[in-house]
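Contents: one structure, followed by commentary.
Taken together, the values in this text are just the output of simple stated rules run on the coordinates, not laboratory data. Keep in mind the model is a prediction, meaning the values are calculated, not measured. Positions of Cβ are generated from backbone atoms using ideal geometry, with glycine treated the same way; all protein chains shown enter the neighbour counts.
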Amino acid sequence: MNGLPDLHHHLDGSLRPSTVRDLAAGLGLAVPADLAFTAGMGLEAALSRFAFTLSLLQEPAAVRRVASEIAEDAAAEGVTTLEVRFAPQFHRGASMGAIVDAALDGLSGHAGLLLCGLYGDPPSLFDDLIDVAAARPGVVGLDLAGGPLPTHRYGIPDYAEVFARARRLGLGCTVHAGEGRPAAEIAAAIERLGAQRIGHGTTLLDDERVLDLVRERGVTIEACPTSNVHTSVIGSVAEHPLPKWLAAGVKACVNPDNTLLSAVSAAEEWRRAAEIPGMTPDLLAAAAGFGHAAAFRRG
Ligand SMILES: [Zn+2]
């Protein structure tokens, strides 16, 4: 395949191992032995691993370095359409705008940047992210990341207004939805938030109505098979529904999610996807085409 797309790639989960050691040494921190994800650890445990990587990335210089290395590594492995995402509010060494500028500087036009708010965050936080994005054309999209908890005060319907504002500004919208959770969440992300893309969406085939909605709206699913094994959403990459989605006319592409924490690269993720039972060269080529086509462009 010439030229791979990679649309779902978290900056704070995708440091080079050597950079982790470097940054940790510079800050006098010990690297935890259990930093990498392991199969079946679950979403909450997986999310907790970011605390350490974020502690290394508080300052703009570290954000710039990691963004630049992600773009460099992606190009070296044949990725020709790249988007990188992160939540600038967790990097407290400078203002949110300065942190975003550092990421854009590091990517230097080789990738689009998406800004993430997390499930449970107040809608005002998304407004702040959109304010930062408004003045920076290199920011191409907004993402709702993490996962909902019963204790959260805010859920998908509460973000309808801010996502509408993001769309009016020409930002692409994607939502982590149906990551092992009911398919109704995918429908809510599309109908309430206008998501053009869905991260994970592993439960899509559980509900025919949601499947129809995804096909009708031409929504692209950002599949992250290795990540889904780590978060216990699927038992093995071989069980990922990607070939079934593609055969059913769903647009979907393949993504690494977190190259450090999942110890995977985009190219390796595409190789693994090729081995999923039911996958054919034609379906795989179609998936690559869907990924390239679904990249956000600031409208
Ligand atoms: Zn993700």
Just the residues that are of a type in the set (Val, Ile, Thr) and touching a Leu at 6+ places or on another chain (Cβ under 8 Å), please, taken from region 243-268.
VAL250, VAL254
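For region 73-101, what are the residues that are among the charged types (D, E, K, R) and under 18 Å from the mean Cα position of the chain (by Cα)?
First pass over region 73-101, keeping only residues among the charged types (D, E, K, R): 73, 77, 83, 85, 92, 101.
Answer for region 73-101, where residues must be among the charged types (D, E, K, R) and under 18 Å from the mean Cα position of the chain (by Cα): ASP73, GLU83, ARG85.
Which ones in region 1-54 are basic (Lys, Arg) and either under 29 Å from GLU239 (Cβ atoms) or in contact (Cβ under 8 Å) with a residue 12 or more places away in the chain (or both)?
Initially, region 1-54 is screened for residues basic (Lys, Arg), giving 16, 21, 49.
If the condition is that a residue be basic (Lys, Arg) and either under 29 Å from GLU239 (Cβ atoms) or in contact (Cβ under 8 Å) with a residue 12 or more places away in the chain (or both), then ARG16, ARG49 are the ones that fit.
Is it true that some residue in region 91-101 is in contact (Cβ under 8 Å) with a residue 24 or more places away in the chain, touching a helix residue (DSSP H, G or I) at 6+ places or on another chain (Cβ under 9 Å) and part of a strand (DSSP E or B)? Steps first, answer last, please.
Pass one, region 91-101, residues in contact (Cβ under 8 Å) with a residue 24 or more places away in the chain: 91-94, 96-101.
In the following step, the residues that additionally are touching a helix residue (DSSP H, G or I) at 6+ places or on another chain (Cβ under 9 Å) were identified as 91-94, 96-101.
This time we only want the ones that are part of a strand (DSSP E or B), so: none.
Within region 91-101 (the criterion being in contact (Cβ under 8 Å) with a residue 24 or more places away in the chain, touching a helix residue (DSSP H, G or I) at 6+ places or on another chain (Cβ under 9 Å) and part of a strand (DSSP E or B)), the answer is no, since none of the residues qualifies.
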For region 260-277, give me each residue that is buried (at least 23 other Cβ atoms within 10 Å of the Cβ) and in contact with a His (Cβ under 7 Å, 6 or more places away or on another chain).
SER262
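If the requirement is being surrounded by fewer than 17 Cβ atoms within 10 Å (Cβ to Cβ) and closer than 30 Å to PRO32 by Cα, which of these qualifies: GLY249, GLY218, GLY235?
On the way: GLY249 fails: closer than 30 Å to PRO32 by Cα; GLY218 fails: closer than 30 Å to PRO32 by Cα.
GLY235 is the lone residue from the list that is surrounded by fewer than 17 Cβ atoms within 10 Å (Cβ to Cβ) and closer than 30 Å to PRO32 by Cα.
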Please state which of the following conditions LEU125 fails to meet, knowing it meets all the rest: (1) more than 21 Å from HIS9 (Cα to Cα); (2) of a type in the set (A, V, I, L, M); (3) in contact with a strand residue (DSSP E or B) (Cβ under 7 Å, 6 or more places away or on another chain); (4) not in a helix (DSSP H, G or I).
(4)
Check THR220, THR226 and return the single one that is closer than 22 Å to GLU69 by Cβ and touching a helix residue (DSSP H, G or I) at 6+ places or on another chain (Cβ under 7 Å).
THR226
Which condition number in (1) surrounded by fewer than 23 Cβ atoms within 10 Å (Cβ to Cβ); (2) farther than 18 Å from ALA74 by Cα is the one that ALA288 fails?
(2)
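Residue-by-condition table, conditions (1) under 16 Å from the mean Cα position of the chain (by Cα); (2) of a type in the set (Gly, Ala, Ser):
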{"position": "ARG136", "(1), (2)": "no, no"}
{"position": "VAL140", "(1), (2)": "yes, no"}
{"position": "ILE156", "(1), (2)": "no, no"}
{"position": "ALA164", "(1), (2)": "no, yes"}
{"position": "GLU179", "(1), (2)": "yes, no"}
{"position": "GLU185", "(1), (2)": "no, no"}
From the set of residues in region 5-22 that are away from the ligand (no atom under 16 Å from the Cβ) and closer than 13 Å to LEU261 by Cβ, which is nearest to the chain's Cα centre (by Cα)?
ARG16
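From the list GLY106, GLY147, GLY120, which residue is in contact (Cβ under 8 Å) with a residue 40 or more places away in the chain, in a loop (DSSP other than H, G, I, E, B) and within 27 Å of SER262 (Cα to Cα)? Talk me through it step by step, then tell me what you get.
Numbers: GLY106 fails: in a loop (DSSP other than H, G, I, E, B); GLY120 fails: in contact (Cβ under 8 Å) with a residue 40 or more places away in the chain.
GLY147 is the lone residue from the list that is in contact (Cβ under 8 Å) with a residue 40 or more places away in the chain, in a loop (DSSP other than H, G, I, E, B) and within 27 Å of SER262 (Cα to Cα).
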